[in-house]
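Have a look at the structure below, then the notes.
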Amino acid sequence: MGDTMKSTDCTKQILMECRNGIYANENRLPPETEIAKEMGVSRTAIRDSLAKLEEEGYISRKHGIGTIINHHVVDISVRMNMYCELSEIIRRSNMTPRLEYVKYDSVLAGPEIAGKMKIKKDDVMIRIERLFSANRKPAIYCEDYVRKSMIRLPYEDKKDLKEPVFVFLKKYADTEMFMNITEVSATSVNSEQSKAFRIPKGKAVLKYIEVGYDFAGNPVLFAKEFFLTDKIKHIMFKKKSLSEIR
């Protein structure tokens, strides 16, 4: 196992130790050499891990002070600015996720999707609808749209559609989603969503509009996600730039 893989593992391990492990009651992390010795990895792997944790706000580092553990950030389980698969969002909210149903059909892109993905309005899309429950109560309804022309293999087995959409893209379109851009707004549910959520039509929910991109910057996914906010809390993390701090 190389340092790159070890760095990824170390990042998760250090974060876990900060949450409920050996650093849970500490204000600072020990020196890099000490952490490396405890975990049995190189100092380079630890340095890479700490850089990642600092970038995500879990720790703060300053010469002459050391590495501060930001427990107020560490203890946040769900963050809007970090990608997390839908069932994992529910799990991190201390509830049990369950996929209640999955449906799929073919639809035309239409003006909204065409505008976001830079495609034609009459391009055919595969639409995958899913409803997730939290502790057996509806919590998240989502619609994923993928261009049918991208699909290289038949996807008749419905169990494949139960997997996260990035797994579907990898398996049937040989495409990996590298990043996404999300617009967040409040909206009221329509008749279909009202039925799925088992709530009155017009009730307010949180809406995500996402466009997923591959490594080359090509849009490969359009998604709509609707969250019942009394089930799932959404917290945004912000940090001043280094130029503002110094």
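The values are calculated or read from the model by the stated rules, or taken from the named source; none is laboratory data. On a predicted model such as this, the values are computed, not experimentally measured, just so you know. Using ideal geometry, Cβ is built from the backbone for each residue, glycine included, and neighbour counts are taken over all protein chains shown.
For every residue, the table says whether it meets (1) outside any helix (DSSP H, G or I); (2) in contact with a Leu (Cβ under 6 Å, 6 or more places away or on another chain); (3) farther than 19 Å from Gly212 by Cβ.
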site: Tyr101; (1), (2), (3): yes, yes, yes
site: Ala114; (1), (2), (3): no, no, no
site: Leu131; (1), (2), (3): yes, no, yes
site: Ala139; (1), (2), (3): yes, yes, yes
site: Glu143; (1), (2), (3): yes, no, no
site: Ser149; (1), (2), (3): no, no, no
site: Leu169; (1), (2), (3): no, no, no
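Within segment 28-45, residues that are farther than 20 Å from Asn70 by Cα and in the same structural domain as Glu17 (by TED's automatic domain parsing) sit with their Cβ atoms under 7 Å from residues that are surrounded by 19 or more Cβ atoms within 10 Å (Cβ to Cβ) and among the β-branched types (Val, Ile, Thr), at 6+ positions apart or across chains, in these pairs: Ala36/Ile46.
State whether one or more residues within segment 229-243 are among the hydrophobic types (A, V, I, L, M, F, W, C), within 16 Å of Cys142 (Cα to Cα) and in a strand (DSSP E or B).
Our first condition is that a residue be among the hydrophobic types (A, V, I, L, M, F, W, C); within segment 229-243, this holds for 232, 235-237, 242.
Narrowing the set further to residues that are within 16 Å of Cys142 (Cα to Cα) leaves 232.
Now restrict to residues that are in a strand (DSSP E or B): none.
Within segment 229-243, not a single residue is among the hydrophobic types (A, V, I, L, M, F, W, C), within 16 Å of Cys142 (Cα to Cα) and in a strand (DSSP E or B).
Would you call Glu176 in contact (Cβ under 8 Å) with a residue 24 or more places away in the chain, in a strand (DSSP E or B) and among the acidic types (Asp, Glu)? No, not satisfied. Tell me which residues, restricted to segment 177-198, are among the acidic types (Asp, Glu) and modelled with pLDDT under 90. Within segment 177-198, just Glu192 meets the criteria. For segment 61-73, the set of residues classified as within 29 Å of the chain's Cα centre (by Cα) and within 11 Å of Asn27 (Cβ to Cβ) consists of Thr67, Ile68, Ile69, Asn70, His71, listed by residue number. Summed over segment 190-219, the residues that are touching a helix residue (DSSP H, G or I) at 6+ places or on another chain (Cβ under 6 Å) and crowded, with 17+ Cβ neighbours inside 10 Å give a count of 2.
Scan segment 157-167 residue by residue and report those that are free of Cβ contacts under 8 Å to residues at least 24 places away in the same chain, assigned to a helix (DSSP H, G or I) and either among the charged types (D, E, K, R) or not assigned by TED's automatic domain parsing to the domain that holds Ala223 (or both). I'd like the intermediate steps shown before the answer.
Initial filter on segment 157-167 (free of Cβ contacts under 8 Å to residues at least 24 places away in the same chain): 157, 159-160, 163, 167.
Of the ones still in play, those that are also assigned to a helix (DSSP H, G or I) are 159-160, 167.
Lys159, Asp160 - these are the residues of segment 157-167 that are free of Cβ contacts under 8 Å to residues at least 24 places away in the same chain, assigned to a helix (DSSP H, G or I) and either among the charged types (D, E, K, R) or not assigned by TED's automatic domain parsing to the domain that holds Ala223 (or both).
Summed over segment 50-67, residues that are in contact (Cβ under 8 Å) with a residue 24 or more places away in the chain and either in contact with a strand residue (DSSP E or B) (Cβ under 6 Å, 6 or more places away or on another chain) or of a type outside the set (Ser, Thr, Tyr) (or both) total 8.
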